[in-house]
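The structure appears right after this line, and notes come after that.
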Amino acid sequence: MEHSRDDVTQESQGTPERRELRPFPAIDPEPDHRFQWRTLVRPGIALLAACAVAAAVAGGVRLANAGGHPASAAAAKSAPFTDTDGLIVFEQQPSGLLGTASPDGSHQVIDKSLGGLQGTDLATASPDGRYLVNQEAQLIRVGAHGPTAVTQLTAPDPQAQTEVAGGGLEWIAPTFADGSKYLAVTECDPVGQAGFSEDEAWGSWLIPTGGGKPSSLGLVSASAGLPDSASVIAALPASPAAARHQVTCDEQLSDGSLALLSPGKSPRVILTAAALLKAANWKPSTPVALTAYPSPDGSRLLVVMTSNPPRPPGTLGGGFTPRTAPPSAQFLLSPAGRILSELPAGTGQLVWSPDGKQAASCDTRQGQQSSVTVLSIAGDTVTPTRTIPLPGRHDVFCDQLLWSPDGTQLIYSAYATSHGLTQADDLQHGWTVIDPATGKVHDVTAPGQPAAWLP
């Protein structure tokens, strides 16, 4: 089923002029009560005008040289944040409607013609920005001015689609492979038609974005598409026999290795969990889950190894919550599986910069201030360059971390609370823009959370 853009409801008119991204002119820590920046525009302009007049009367001193004066400093601090280069695609909550805005939240447009997306997860963007995809198998085409169409994809296995009819598909963090040619998805196979078992299991698939027959890549725990080829890096369960007899697809079994999977080829193991356990000085018997994050050119891998203890009876999702996150270790690997470097302890969710020279992670812990850490990646070395605290933020967990197209800025959003009546109540309203070079941050108010930052 496909919907095309027919009309839009615009909250503000006009298209912002394209210009190079620049450092933020001001930073205001997030107060307990969040103000909208538009409420500061008029007093900011008045204060700047007063400073300019005072400077002229005093002797025609240029405004650019008045930054050291207390009055000028106060004026600069109260100036509204403005950076309109680029296009933020966001999902309005709880409607699921897609919208677009400038990075500073201006020029917001809500598109009602495409209808609301399913679920509360945020869509993932393809490397070239032509597509977005969410975990409910909805493929969003993107044009120069934002999303243009939403297509509901069918399950790779028609019988699996029948089995989950009415509830949608169940995917784990879909990604893209070979640029935007394929979707790389890990899908629950409830009826065993992918050749895995007669019971439920997770399977990896490559699905052509332009249409065509999907390719089954076999039984996995998780997989991530390689940007430079029609392949994935997958986590393979330590005991395939046990995985073939799962009771539900919610089960998270221990992983035994990372492997390269390609259509029509046998899995090629590139690194075992045992080797990572030894490198991290963990007990060899520790059950773990592995997750791989390929660099934008596919030349390196960031790999997260997370302790994965057996689930306590009556619990879901591996027996832990974001408030009691399990121990983890992170590594930089070559495509052949050679361990190049171990990342600093405590590194959380990892996101590569567009040029592959940096990575960023977000850290949220109960009772502590949320933060974002920027890592420099040069050759075989990973070096933390800056940990940026997010003033006023004590979030439940990080929901999104995006790099700007030129790699000079980051966007952060989170589950800000766990006390709302609905999941939408718990989400941060808008996003936080971060300048990694200076550590400056700025909250932006918007009716949803960002899914992509496009040029």
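The number of residues in the stretch 389-413 being open to solvent by less than 10 Å² (accessible area, probe 1.4 Å) and of a type in the set (Val, Ile, Thr) comes to 1.
With respect to the conditions (1) in a loop (DSSP other than H, G, I, E, B); (2) open to solvent by less than 40 Å² (accessible area, probe 1.4 Å); (3) modelled with pLDDT under 90, Ala201 falls short on a single one, namely (1). The set of residues from the stretch 207-232 being under 11 Å from Ser262 (Cβ atoms), at pLDDT 95 or above and outside any loop (DSSP other than H, G, I, E, B) comprises just one member, Val232. Where residues in the stretch 106-130 are open to solvent by 20 Å² or more (accessible area, probe 1.4 Å) and in a strand (DSSP E or B), which of them is nearest to Val444 (Cα to Cα)? Ranking the qualifying residues of the stretch 106-130, first place goes to Val109.
Restricting the stretch 345-388 to residues that are in contact with an Asp or Glu (Cβ under 9 Å, 6 or more places away or on another chain) and among the small types (Gly, Ala, Ser) leaves a set whose member that is surrounded by the fewest Cβ atoms within 10 Å (Cβ to Cβ) is Gly346. Is there a residue being farther than 20 Å from Gly116 by Cβ, open to solvent by 60 Å² or more (accessible area, probe 1.4 Å) and more than 15 Å from the chain's Cα centre (by Cα) anywhere in the stretch 416-430? Scanning the stretch 416-430, I find at least one residue that is farther than 20 Å from Gly116 by Cβ, open to solvent by 60 Å² or more (accessible area, probe 1.4 Å) and more than 15 Å from the chain's Cα centre (by Cα), so the answer is yes. The single condition among (1) free of Cβ contacts under 8 Å to residues at least 60 places away in the same chain; (2) farther than 30 Å from Ile110 by Cβ; (3) open to solvent by 20 Å² or more (accessible area, probe 1.4 Å); (4) not basic (Lys, Arg) that Thr438 does not meet is (1). Among the residues of the stretch 265-286, the ones that are open to solvent by 60 Å² or more (accessible area, probe 1.4 Å) and touching an Asp or Glu at 6+ places or on another chain (Cβ under 7 Å) come to 0 in all. Tell me, yes or no, whether the stretch 440-452 has at least one residue that is in contact with a helix residue (DSSP H, G or I) (Cβ under 8 Å, 6 or more places away or on another chain) and farther than 12 Å from Ile88 by Cα. Yes, the conditions are met somewhere in the stretch 440-452.
The values are calculated or read from the model by the stated rules, or taken from the named source; none is laboratory data. Computed from a predicted structure; not experimentally measured. Note: ideal-geometry Cβ built from the backbone for every residue, glycine included; neighbour counts use all protein chains shown. For the accessible areas, the whole protein counts, side chains as well, though only heavy atoms, and no ligand, DNA or RNA atoms are used. Shrake-Rupley method; radii C 1.70, N 1.55, O 1.52, S 1.80 Å.
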